[in-house]
Structure formats: structure tokens, C-alpha cells
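Here's the structure, in C-alpha cells; my notes come after.
The values are calculated or read from the model by the stated rules, or taken from the named source; none is laboratory data. Since the structure is predicted, the reported quantities are computational estimates derived from the model, not experimental observations. Positions of Cβ are backbone-derived with ideal geometry, glycine not excepted, and every protein chain shown enters the neighbour counts.
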Amino acid sequence: MLDAGAKSQKCGQRIAVALGGGSARGLAHVPMLEVFDELGVRPSVIAGTSMGAICGAAYAAGLTGAEMREQLTALFANRAYFFKRFAGKLRGGFSALWSARTPGVVDPVTLFEMLLPEAMRCDFAALKIPFLAIAADFYAIEQVVLDEGPLIPALAASSALPSLARPVVLGGRTLIDGGFVNPVPYDVVLDRADITVAVDVTGTPRRRPGGRLPRTLEAVTGSTQILFHSLTRAKLKAAAPHILIRPGVGAFGAMDYFKVEAILAAAQPAKEDLKRKLSQALARIG
Amino acid sequence: MLEVFDELGLKPKVIAGTSIGAVFGAAYASGLSATLIRAHAEEALSQRLDIARQLLSARSEPVLKFLNFLPLRSALLKPEAVLEFMLPSAVARDFAELKIPLKIIATDYYGQEQAILSEGSLRTAVAASMALPALFTPVTISGRMLMDGGLTNPLPFDILRGDADITVAVDVSGAPVMPGKRPHPSAFAVLMASSQIMQRTIVRQKLMVAQPDIYIDVEVDAYNVLDFHRFKDIMAAAAPAKEQLRRQLERVLTTETLDALPSQSVPQAVAPPSRAVPLLRRLPPVNRD
């Protein structure tokens, strides 16, 4: 990877990668990151929102796409193994995740400190590739770009999906999931590279058989996904990335983590697509 | 905001509305005066409890049943039924009967894109535009399942491009307000506010690409989406913005011309704004060929 990085830097091509939010669908980011390893190209900057921030940070910390695939597949391969490992790490018991004031809502900082690999327990400054995490300032209604300080609280803020995870307070700001202001954060790195690659893993509402109306929760989730799409569409009108990839994982649910193998398989055609487009772009510019 | 048009004797050439904007837009486009609409809304909402009771009984199901089985049911209320209570009876039934052309924005749920409704049943279209997920059942029009237009176009000034010389956009999306000194909003508050944040962000993105001639951000941040019973407070909070719109429109009209209404709409006295707040920004005009 180091040689490859040197090679791409010698050509003077800077590639920015923006990974979008999408919870379990974001597992599709892993095959996309494998493309960079396989082409021997090192991104010059990575931006991520929510699950895209977690995958992007892992890659920026030095994990390869293949290593991430291996670890995630092992972690989520079967429920029994996951919960055994999860429970084994809960030092303060499950109660460490919840607080009396907001029961039913997980503290994402505690959760990530338990689940994420050792290599990611560091500061932004220690990362091998410059990395930006996107969060939303709840009260100011604006985007916050996190790029310094401890990594894990920033990832927790970027992924703090309302109703599931508690907002994270950083530097006096109350932060929630970055998807609400920037579901696919290519625009924050657009001027920092020659080629910008954006990966959009926003879901699409699923039709119920027989033309029945969606259930209440389904309708809420589905309408949030529509808002994400509307937001991305509005952004694309202002400025577009050079390469936009939408892995075909829209039909997977936000919590389908245990379908990791199916998600990775569904993203395979998009991986080939990205590989082809990126090679072409490199040939054109290089 | 609509009162300003009556008071200045102006008749909009075309109106576009999303959600609650579609409700008021439909009433105004039917030829009702803004004063009448205000009076009706005030009266209808003061009977809020009665309305709620009627709606619940209209479902002919015990209240407890649908509270208990909330996640199992498709949604709580039929938006058409709610509309019957909200809209004055003088509001047109069909787009063809309208005095001012109206475009209503709804969201095609499966198509994940905006649907612009401008013909057929007016009430069905308004119902679709305001069908907030989880609260209302979606409305099916010609095979498309439609929901709240705010999901795709919370401030639909862009679809009026080229239709008029001056476009006025009224933004009532508001912002979440810090509840006292608590850094953590409740889980429910965050959930409700998060779609508000996204709508606000969508509007901001759209304004970066194209701007209406007059943009008014009505300062109603302190009010929640379902605070209909605080009608009078909201009206008072909107008064300064109303005054700003009047001044802004008058200024723009000195250089451009609009169809003026006959003298039937008598200007009315309006309470002056209680405080001067910079609620309105004059945005650069849209480029026109």
C-alpha cells in the first residue's frame, strides 16, 4: 500500500473519497474500499457520514478493505457469536449503554468503544489518511465537520441516529447523525482532490405485497429515506462528484447487519463498476 | 402572509403549496379572503378537542385499541377526514373551479420524487400533500401512493420558475429550540426535529442553486409541527414577518407591475410589529432570459 501510495502521489493525482450514511447498507462501503487496495491507489482524503464515517475511519486508520471484510463477516456471521462477543465486552453490564434519563436509547460512545478495533482508538491526527466525519448540530441546524481530537466520539456523533442513539455533546454542540445535513458528503472534499468518488448507500422504501399500505414504522423510515434522497438530489444540482456509485443495496434494512454476506454480494457489481470508472479516470488525468 | 396580498390589492398569478401551505393555498386560490381564512382557522382550531373527539369516533374504534396497536396499524387518521374539518366549505372541490391556478406538491412514496398535482379533485390533492407519515394514511392518486410534499419539496418556489415576474416564498420550517439548559433533547423530540432539520437543509441547498425574488423566513421556531392549538400565538409571532413582506412587496412593485385586484378587498388596519427583527432577506433576483 505504501508503494502504491507513493506511485499515485508521484503522478500528482489526488483522489477524495466520500462515504455516505446508511447503517447496515454501509457495509457495502467495504468492497468499494477494496477497489483502492486492488488498484494500488491511496486516497488523499476521506470524508464519511454515519456508517460511511466508521468505514472511512477504519480505512484511514490503516485497515485494508479485505481486513475489514474479514472482521465484519466474522463479527456478524452469526448472531450467537456476535452477542457472545458483545456481552463479553460489557464491563459495566448492559446498563453502561443506557442512562436513566433517556432509557431505550443507546450511548453510542460507549457502544463504539466496545465494538471498534483497537487501531481506531486514536486521535484524528494519528490517522494515516486525512479523514473528516460529518455530524449535524441539532440546534444550529447546520453541518459540523469533525477533523480533530479523539476519533471515537466523533464517529459516535456522526452515527447518532435519533431514537436509537443518544446525541453526542462535543465542544458544547449537541450533535446527531450527519445524514440529516449531508447524507453523501462529497461536497466537503470536492476542492481537495482531482477526482472525487462518492458512494451513496441511502435505502429505498420496500413495496409490501398486494399493494398494501406501509406500516407506521415502515412509513417513517421510508419517508426519512425520501428526505435523504431529496437532499442528495438538491446537492447534485449545485455540484456533482466525478464518480457517483450507488451499490444495489437499497432494499436492505438499516438493521440488517446479520445479512452482511448478502450485502457484500449485492455490492459486487458496483465494485466492478467503480474499478472500471476509477481506472478510466486515472488514465484520463494521469 | 396571504393577508398582505389582500391588503395591497394584489392577486397572485399562480400559487404553489406544500403540506399546510397547500391547505391555505387551496383556500386562498378558491377565492376566500385571507381574513376569512384566518377567522375560520381560529374557529375550527378553538374546537380542537371536539374535532379530536369527532375524528376518533369517526373511526368507530375504541381509542385504547388504536393506541395499543399503534405500530400494527398503517397510520392513525385519514387526511381527507381531517381536511373536511379544517377547510371552509367554500373551498373548491376541483382544481378547475379555482380562481387562481394552484400547484400542490406531494411526494410519490415509492418513486421517491415529488408529484405536482394541478388537476382533478382538489381535496384529495391537499390531503396527499399533508399526509405526514405515521400520523396520516397515504393517499393514492392514479396508482401513485402519495405522502407529505415536504419530504421532497418543503418550499416549492422552484416549480414556479418562469410562471411569474415576482416569486414570493414563505418558509415556516423553523428550527429546533434548546429546551432550557438540558444539552440532551428527549429521544422523541430529536426524532420529530430530525425531519425538520432535513427539510431546512433541503431548502438551504435549493436556495444555493436558485432564489425566489422575496424569501421570508417566518420566525415560528418555538412552535412544533402539531401546535395547531397555539394558533393565536403563532399568528402574533408571524406579524413582524407579515409587515416585512408588505414592505418588501411594495418596494419590488415600484419597479415591476402585477395585476391589481378591483377595489373589493378593502385594506385593513394591522397591528404594528412588536419588535423589529430582521426576518427577511432580500435575495438576488433569479436570472431570467
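Of everything in the stretch A:165-194 that is within 9 Å of chain B (Cβ to nearest Cβ) and surrounded by fewer than 18 Cβ atoms within 10 Å (Cβ to Cβ), the residue that is nearest to A:Glu113 (Cα to Cα) is A:Val169.
Within the stretch B:78-130, the set of residues being under 22 Å from A:Pro214 (Cα atoms) and aromatic (Phe, Trp, Tyr) comprises B:Tyr109, B:Tyr110.
Of all residues being within 14 Å of another protein chain (Cβ to nearest Cβ) and either free of Cβ contacts under 8 Å to residues at least 24 places away in the same chain or of a type in the set (D, E, K, R) (or both) in the stretch B:113-141, which is surrounded by the most Cβ atoms within 10 Å (Cβ to Cβ)? Just the residue, please. The selected residue is B:Glu113. If you filter the stretch A:195-210 down to residues that are β-branched (Val, Ile, Thr) and within 13 Å of another protein chain (Cβ to nearest Cβ), you find that the one that is nearest to the chain's Cα centre (by Cα) is A:Thr202. Residues of the stretch A:225-237 that are more than 7 Å from chain B (Cβ to nearest Cβ) and polar (S, T, N, Q): A:Gln225, A:Thr232. I'd like to check something: does the stretch A:130-139 contain any residue that is in a loop (DSSP other than H, G, I, E, B), more than 12 Å from the chain's Cα centre (by Cα) and within 12 Å of another protein chain (Cβ to nearest Cβ)? The answer is yes; a qualifying residue exists. Reported count of residues in the stretch B:145-167, each being under 22 Å from B:Ala92 (Cβ atoms) and in contact with a strand residue (DSSP E or B) (Cβ under 8 Å, 6 or more places away or on another chain), is 6. Would you confirm whether any residue within the stretch B:83-91 is touching a Lys or Arg at 6+ places or on another chain (Cβ under 9 Å), at pLDDT below 85, surrounded by 23 or more Cβ atoms within 10 Å (Cβ to Cβ) and of a type outside the set (Phe, Trp, Tyr)? Yes. Taking (1) within 14 Å of chain B (Cβ to nearest Cβ); (2) among the aliphatic types (A, V, I, L, M); (3) farther than 30 Å from B:Gln199 by Cα in turn, A:Leu213 satisfies each apart from (3).
Per the listing B:Asp148, B:Asp158, B:Asp94, the residue uniquely over 22 Å from B:Ser173 (Cα atoms) and modelled with pLDDT of 90 or more is B:Asp94. A single entry from B:Val218, B:Val177 fulfils the requirement of being at pLDDT below 85, aliphatic (A, V, I, L, M) and surrounded by 21 or more Cβ atoms within 10 Å (Cβ to Cβ): B:Val218. All of (1) assigned to a loop (DSSP other than H, G, I, E, B); (2) modelled with pLDDT under 75 hold for B:Leu32 with one exception: (2). Filtering the stretch A:198-232 to residues that are surrounded by fewer than 21 Cβ atoms within 10 Å (Cβ to Cβ) and farther than 20 Å from A:Ala28 by Cβ leaves A:Arg207, A:Arg208, A:Pro209, A:Gly210, A:Gly211, A:Arg212, A:Leu213, A:Arg215, A:Thr216, A:Leu217, A:Glu218, A:Val220.
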